[in-house]
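Since the structure comes first, as structure tokens, the remarks are kept for the end.
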Amino acid sequence: MNPPHGAGSPRHASGRSRWSRFSCWLECVCVVTFDLELGQAVELMFPPDVKLTEKEKTSICYLSFPDSYSGCLGDTQFSFRLRQSVGRRSSRFKDDVYNQDAPVTLQREASHFFGYVYFRQVKDVSVKRGYFQKSLVLVSRLPYTHLFHSLLQIIAPEFFEKLEPCLEAVCNEIDQWPSPIPGLTLNLPVMGVALQVRIPSKTDKPGGSPVRHMTTENVLPAPTLLPTLHELDLFKSFQSLLIHLQMLWELTLLGEPVVVMAPSPNVSSETVLALVRPNVLLGVTNPFFIKTFQSWPHIIRLGDVRMTGDLPKQVKVKKLSKLKILDTKPGIYTSYKTFLHKDKILIKRLLKGIQRKRPSEVQSAILRRHLLELTQSFIIPLERYMASLMPLQRSVTPWKTPPLIRPFSQDDFISTLDHTGPQLTSLLKGDWTGLYRKFFRSPNFDGWYRHRHKEMSQKLESLHLEVICDADLIGWTKDKSEVEIVDLILKLREKLNKAQRQQLQLKDGVLEKLDSFVSSIIRTLPEDLYTVLRPHDTT
């Protein structure tokens, strides 16, 4: 399948640059089919010159078909996450402008792909196996679950009718989309439909208002509003697990390895995404995996949601020893004991909402706000303590190395909880101290601490550069030796290069002023020193 040539779609010499806008949204689009001799195989890929390794193609093939698809008649949508092959990870996203302004949870992945799948299986007597089986897959580095599944609902039915020409036309339309810029509301036209979405920004308030309508001039037909790019129907995912929300939140917070077993790939993948990925979180549908994962500490076994009266039947917590190879009943198989008590008020509110037939999006909003407030109650004392480790701004002077951030002491932090702990913002009772100590031993604490320490270190670097900029540098050099001046120049250059690499947030004009100072001082040095330093002079 070749991209079109002609006045409306010029080919560039580099080939891939033709698809620069397309690649802002998608890595590629794949069609995976079932071959009697090969099994799952890539039938089409667009753009045709996309750079995927054979290992990546093979993984996409296997992940794009349900692992127990004999029961998946009709159309099924689900998603997966795939690690990029080691040794060829792209560096083009290292200084990605999008990632600078996007929330951490929505940043473009440098080492993983997301796959969004529309799988169709229908009876077909013309095929030897008796079934038509094919998946249309959108491969992206963006975790825009709701957007891409909505996009698939538009293009997949048409694609299965018209095949390759339809796919080519859709990809050309996506190549005309504006780039995703955090904070902007965009119209994304495809197949006669204009999807209107707002790209979230890291400056957005958590739980803020949904997309606002923008000017729709020259957009025909009227745009279809998507209230979110990425959020899932949390209530739908957790409706049979409501009485165990506290346990699920704690397991996720602590980065505990979890297996989610579900009757269908869409339930499995949506539950995994709703849990926001602990350290290891797998979603499977094939019951034979129970044997493989018997040694895992936490297994969530979901069944078809059956309503008892107006209420979904709630699964129970069971001992791991009760896990059977095939005949495993729905439940949470774990020996984990929660540190905090259940929020009975929340559970009653959600169950009453079911009886009153409250819309699922309202139930999800209640659930999302509860989980957000619970997480904030847990993290605010940590943030407050971390801020106390930062050196005072007045201790940052131009002629000395910035003071160090004080080390994190778990015992010192615990001692602050009586006066500034989560009880100030949360009514939940329980062993908060025990939960924090368990969190300190988890991989999530290590990741959080490294991220916060890096941010604070960069803040110190920024403050140091700003006080240097405000100092009388010319006056300082008047009574200094050449060795001291050269040493200052080299240190300033190192700081300037580091500031540019890390894209530090500085006051306007700081980098320009310091760069100008370095250049002017170099010109005053003797010729031999000027010759050595001049090649690095940027002015």
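Using the average count of surrounding beta-carbon atoms within 10 Å as a protection proxy, the listed peptides 426-433, 354-361, 116-123 rank, highest first, as 116-123, 426-433, 354-361. Using a probe of 1.4 Å on the protein chains alone, the accessible area found for residue 149 is around 30 Å². When the surface is traced with a 1.4 Å probe over the full set of protein chains, residue 155 keeps roughly 0 Å² accessible. Where a ≥ b ≥ c are the square roots of the eigenvalues of the C-alpha gyration tensor, would you call the stretch 428-539 rounded, which needs a/c under 1.5, or, failing that, prolate if a/b is larger than b/c, or oblate? Prolate, because a/c is 1.5 or more and a/b exceeds b/c.
Take the stretch 451-511 with all the other protein chains still there, run a 1.4 Å probe, and you get 60 Å² of accessible area per residue. Taking R0 as 41 Å, what's the FRET efficiency between residue 519 and residue 230 from their Cβ-Cβ distance, rounded to 0.05? Efficiency at R0 = 41 Å is approximately 0.35.
Ordering 113, 445 by accessible surface, largest first, gives 445, 113; the 1.4 Å probe counts only protein heavy atoms, with every chain in place. Among the protein heavy atoms of the stretch 313-416, carbon and sulfur supply 56% of the accessible surface, probe 1.4 Å, non-protein parts ignored.
When 125, 190 are compared by accessible area of protein heavy atoms, the largest-first order is 125, 190, using a 1.4 Å probe. The heavy atoms of residue 247 present about 20 square angstrom of accessible area, all protein chains included, probe 1.4 Å. Summed over the residues of the stretch 221-287 and divided among them, the accessible surface reaches 31 Å² per residue at a probe radius of 1.4 Å. When the trypsin sites (Lys or Arg not before Pro) in the stretch 438-533 are filtered for DSSP coil states and for at most 13 other beta-carbon atoms within 10 Å of their beta-carbon, the remaining sites are 441, 478, 480, 507.
The values are calculated or read from the model by the stated rules, or taken from the named source; none is laboratory data. Quick caveat, the model's predicted, so the values are computed rather than measured. Cβ sites come from the backbone with ideal geometry, for glycine too, and all protein chains shown count toward neighbours. Heads up: the accessible areas ignore ligands, DNA and RNA and are worked out on the full protein's heavy atoms, side chains in. Shrake-Rupley method; radii C 1.70, N 1.55, O 1.52, S 1.80 Å.
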